[in-house]
Amino acid sequence: MEPDAMQMTPSVPAAPVAEGMSTRSTRERMPVLQVLAVLLAQLTISVALITPTTYSLAIWLQDTASASRDALLAAAIGGSSVASLLVGPLIGALSDRTTVRLGPRRTWLVSGLVAGSIGSIIMIGIPSPVALVLGWCIAAIGYGAANSMVMVYLSDRLPQRQRGKVLGVSTAVIYLGPVVGVLLAGAVATTPPLMFAIPSIAALLGGGVLILVMHDPPVEPSTTPLRVVEMLEGYWVHPRRSPRFAWVWWNRAIFFLGVAFMTLYSVYFLSTNIALDSAQIAATMSLGGVIGVAVSTLGGVTCGTLSDRSSSRLPFIVASTVLLALGLVVIATASSVPQYLVGNGINSFAIGVYSAVGQALQFDVIPGERRNGRYLAVLGLSNQLPQAIGPFVAAGVLAVFGRDYAAMYFTAAGLVLLSLITIVPLRHHLRIPSPTSEPATSVAHTKENA
């Protein structure tokens, strides 16, 4: 997105129902088997993609390069985010034009898992800070591509009235991934290679199940050749032509910049502000993760389903944003594990609601062309860009406040509240149609589907 998106008029016209979705996706519910396969793939890929950024990289650097751990962690996570930022939209655009018999989404899912495994092998085989940064950049690109293909597949298949419910469960499953990952990594923390090998194997197995069962028929070859300009369109959607899309993009970008601040230095906050050692940090983060899974499941599934039945998803976005800011303040003022866990629980509930409803909302605002890979890749930038710049901005904040990790959480609270300014132009223009406005499904599909 470009800065001139901020110049858009607040008067935004209403969107047509389920624009951008195929006729099949609008009409039929997604089968239970495919939903379960998607959830398994998301769980295992999130183990591989998120565990290193929340635990494994920080522990490895704390043990091997404690004096420069802040800068190296920022380089590893920030560098991988920049790399994903550059490559991700291109993959999304290319997936819309991939015509191999394997299917467009399946092809890029396989490619992403292979690339992620190669990056993990580099980190395991060459134990040095440079190799760690390089290997994680490759792994993050691969697992990020695999994760994005799962989301694009959902956007291809999910009807509007099933989105909130399925994406609510999806959010909870993604939240469970880091918990499982931290438990596994904490158990093998004395053997660093296993902290990266186990998540990689899990992603291959879970992603492999989805590869086998997904319904991803090949697309017809385009009558026009693929041009460089069309490839570059994967990085851009004109805000004046798609204003709802652009405002949702900015809302997510500002919100996730705050989340990037929140998650980056959790390990160091616990070790510095609450004086925990590595084993205690792993136990605390695992317990917080278990609590987080429970409350994010409650928030995501309940509010996601309610948003399907509501006339608008925006009230859920506003409420979850305010609640997240409150949870961040609770953590910033924490001097004990119980208070940290309370704040973490509030944050988990809020992020569960925002993620489930926000993902449904982003599916709702995809413009009318059937190029979901491209549009979701651009929306992915609203998450990847904050992850790319967040570590460097956060390092600057720490430099100003002298390694005061509590300041990170106060800053994050301010950022997530700032995201609410983007809601104003959308408040009257994102209505969800009643169930009667969607074509009826057949009895056979009703029995088969989730």
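Below, the figures for the structure above:
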item: Built amide H within the under 5 Å cut-off of SER312, gap 5+; result: ILE432
item: C-alpha center-to-center spacing [the stretch 253-269, the stretch 82-151] in angstrom; result: 23 Å
item: Furthest towards positive pole of dipole, THR64, GLN162, SER80, structure part the stretch 56-162, Cβ charges; result: GLN162
item: Dipole magnitude (debye, nearest 20) for the stretch 237-390, charges at Cβ of Lys, Arg, Asp, Glu; result: 700 debye
item: log₁₀ of I(q)/I(0) at q = 0.25 Å⁻¹ - the stretch 124-218, Debye sum with one point per alpha carbon; result: -1.43
item: Estimated FRET transfer efficiency when R0 is 41 angstrom, pair LEU102-ALA283 (beta carbons, to 0.05); result: 0.45
item: Point-charge dipole on Cβ atoms (K/R +1, D/E -1) for the stretch 153-227, about Cα centre, debye to 20; result: 260 debye
item: Dipole of the stretch 231-359 [Lys/Arg +1, Asp/Glu -1 at C-beta], most positive-end residue of LEU306, ALA282, VAL329; result: LEU306
item: Least to most buried among MET214, MET123, MET285 (fewest other Cβ within 10 Å first); result: MET214, MET285, MET123
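FYI, it's all coordinate maths here, none of it is from the lab. A quick note: this is a predicted structure, and the numbers were derived from the prediction, not measured. Reconstructed Cβ throughout: ideal geometry from the backbone, glycine too, with neighbour counts over all protein chains shown.
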